[in-house]
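Inspection log for the structure reproduced underneath, given as structure tokens.
The values are calculated or read from the model by the stated rules, or taken from the named source; none is laboratory data. Because the structure is a prediction, the values reported are computed rather than measured. Here the Cβ is made from the backbone with ideal geometry for all residues, glycine too, and neighbour counts use every protein chain on show.
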Amino acid sequence: MSLSSTAQIAWRNLGRNRRRTALALGAIAVAELVLVFYESLFAGYGDQLVKSVTGPLVGHAQVHAPKWREDRAMDRFLPGVEGKLAAIRAVPGVEQAAARVYAPTLVARSVDGQAALVVGVDFATERQRGILDGIPLPPLPEKGGVLVGRLLADGLGAKAGDELALVGQASDGSVASGLFTVVAVVDTTVDLVNRVGLLMSLDDARELLVLPDAAHELVVFGSDPQAAGALSERLAALEPLAGAEVLGWRALAPEFASLIDLMWAYEAFILVLVFIAAAAGSANTMMMATFERTREFGMLLALGAKPRRIVSLVVTEGVLLGLLGLAAGALVGVSLVLITSRTGIDLSKLTSGTAESISFIGMKSSMTMFPRLVLGGLWRSLAAVLITSLLAALWPAVRAARLQPMEALRS
């Protein structure tokens with residue numbers, strides 16, 4: 001009995017009980033559909049979460065003076081920033097690098113003051129990829145102008161055109177003070193900026209805080225967020241960054257990295273359960289088909305068919321059943337992913353539309369998810385279905401091969 005004839009017989013046998021075969025195909029197809037769509041949904045949501053954290057504030061890697069992240073002292077700054085930025089931008093894989101300055105201050109519009117955080121930035125860069133990315137673009141402040149976070153502006157009663165007085169401490173210990181004009185009130189994806197943020201140009205911040213050609217933080221964006229660890233290692237090897245602290249986003253936001261790892265572990269657990277259910281359905285179909293054909297197998301054995309041929313016949317039926325279910329489920333799953341990757345899945349409808357975004361570790365993330373097709377997932381599902389089908393058909397096949405011809409013919 002050749003391989004082609006075995007496949008032909010197995011194909012005909014699948015049509016003997018079409019209802020049962022259809023139920024088994026449906027179970028495998030649903031399992032494949034869930035695998036493809038679920039993995040794509042997790043991949044898209046994971047990308048969205050990484051972008052929510054790394055995009056506006058954290059970046060893919062950061063450079064600081066040693067111990068600055070511990071106490072954020074004004075005098076722990078990086079000197080010679082322009083040379084450092086030039087070296088960073090020359091590293092392969094770096095798409096953008098920018099300097100930032102941070103300083104706690106008191107700000108007042110009239111008499112009463114509030115605590116605020118001055119953030120000195122390159123506005124043009126932050127618009128492309130940074131704190132101001134993804135929000136309606138306000139006019140860029142010129143010298144002496146600031147952008148004020150929405151909640152801070154509400155607390156101050158400030159609006160565009162108002163003048164604010166700032167008082168703080170400069171890097172040399174002197175008093176830092178000045179008057180600045182509110183150019184616009186902004187609502188960013190960073191809660192910290194919305195609550196206490198005063199965004200001013202890097203030049204104004206350096207002048208106010210006595211930080212010539214210096215910065216507290218260098219934010220680096222690479223081409224691949226998942227390669228941030230390797231990118232930070234290349235940056236740490238640069239001579240201009242010798243002695244500085246260079247960290248990737250996973251080290252900068254460990255709780256967020258742990259959440260993503262837990263999310264993928266949860267996905268793997270769910271998918272294992274789905275395929276166990278599919279395997280049970282397939283095994284039941286193969287077992288029933290084997291019991292019904294006991295006399296047929298006995299006749300084949302009596303005519304000289306070897307047990308391994310019986311095993312190959314039953315296993316081939318199981319594999320064909322699995323591949324057909326895989327093809328059907330993959331077709332529907334991929335189509336569904338391609339459609340929803342453009343339209344998105346708005347989870348805010350589950351909350352009656354009352355929540356358009358969620359917040360985690362101070363970052364806002366949209367509740368509209370865009371699945372991303374994972375090609376590796378299709379190969380994994382192919383391997384999973386083949387293994388599932390083989391395991392589901394193996395026991396019925398071995399049982400059929402062990403039949404005694406005379407006893408099987410009498411059944």
(message) Which of the numbered conditions does Arg72 fail, given that it passes all the others? Conditions: (1) out of contact with any Pro (no Cβ under 9 Å at 6 or more places or on another chain); (2) at positive phi.
(response) (1)
(message) So, in region 128-177, how many residues would count as being closer than 14 Å to Leu202 by Cα and free of Cβ contacts under 8 Å to residues at least 60 places away in the same chain?
(response) 5
(request) Only residues that are over 29 Å from the mean Cα position of the chain (by Cα) and of a type outside the set (A, V, I, L, M): list them for region 103-133, please. (result) Pro104, Thr105, Arg109, Ser110, Asp112, Gly113, Gln114, Gly120
(message) Just checking: which of the helices (runs of 4 or more DSSP H) contained wholly in region 1-103 hold 1 or more residues that are modelled with pLDDT of 80 or more?
(response) 18-53, 68-71, 81-89
(request) Considering only residues that are touching a helix residue (DSSP H, G or I) at 6+ places or on another chain (Cβ under 8 Å) and among the acidic types (Asp, Glu), look in region 104-146 and name the one that is modelled with the lowest pLDDT. (result) Asp133
(message) Condition first: touching a helix residue (DSSP H, G or I) at 6+ places or on another chain (Cβ under 8 Å) and farther than 20 Å from Arg109 by Cβ. Now tell me which residues in region 170-191 satisfy that.
(response) Ala170, Ser171, Thr188, Thr189, Val190
(request) From the list Ile345, Ile339, Ile310, pick out the single residue that is touching a strand residue (DSSP E or B) at 6+ places or on another chain (Cβ under 6 Å) and either in contact (Cβ under 8 Å) with a residue 12 or more places away in the chain or not small (Gly, Ala, Ser) (or both). (result) Ile345
(request) Please find, among Glu245, Glu255, Glu239, the residue that is touching a residue at least 24 places away in the same chain (Cβ under 8 Å), closer than 14 Å to Arg89 by Cα and not hydrophobic (A, V, I, L, M, F, W, C). (result) Glu239
(request) Report, by residue number, each residue of region 144-165 that is farther than 19 Å from Phe123 by Cβ and assigned to a strand (DSSP E or B). (result) Glu163, Ala165
